[in-house]
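The block underneath contains the structure these notes are about, expressed in structure tokens.
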Amino acid sequence: MTICLSRPALALLVALAPLTASSNQGAAQAAPRRSSAVAEPILEVLEQSLKSGKGVLVYLGQHSVGGAVVKIGDQTVELRSREYGRIVLRLDRIEGVAGN
């Protein structure tokens, strides 16, 4: 498929290209620190586990993963357990959390 543009239309596209690229970068930098899809009570339980070192049970659909929270990132949470040294889960996939 070939697209033919007139010279003025091509000049306009070339002139606007840097503007659209810089506006996309600004939108990415203005993103919130954590995923807004995660409920606040879930984050509270994960942060409590991070501070206390106690384990939590994270529910992901039909599966559950247990471990102690080591780090909470922008879009992921990192756990450790006896069986696995490092478990990384996406925050937007978590459906529930059980902890003390």
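Numerical summary
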read-out	value
Enumeration of residues in the stretch 55-94 that are of a type in the set (D, E, K, R), touching a helix residue (DSSP H, G or I) at 6+ places or on another chain (Cβ under 9 Å) and modelled with pLDDT of 95 or more	K71
Answer residue from the stretch 64-100, given it is in contact with a strand residue (DSSP E or B) (Cβ under 7 Å, 6 or more places away or on another chain) and not in a strand (DSSP E or B) and is surrounded by the most Cβ atoms within 10 Å (Cβ to Cβ) among those	I94
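The values are calculated or read from the model by the stated rules, or taken from the named source; none is laboratory data. Treat the numbers as computed from the prediction; the structure is a model and nothing was measured. Methodologically, a virtual Cβ is constructed for each residue, glycine included, from the backbone with ideal geometry; neighbour enumeration extends over all protein chains shown.
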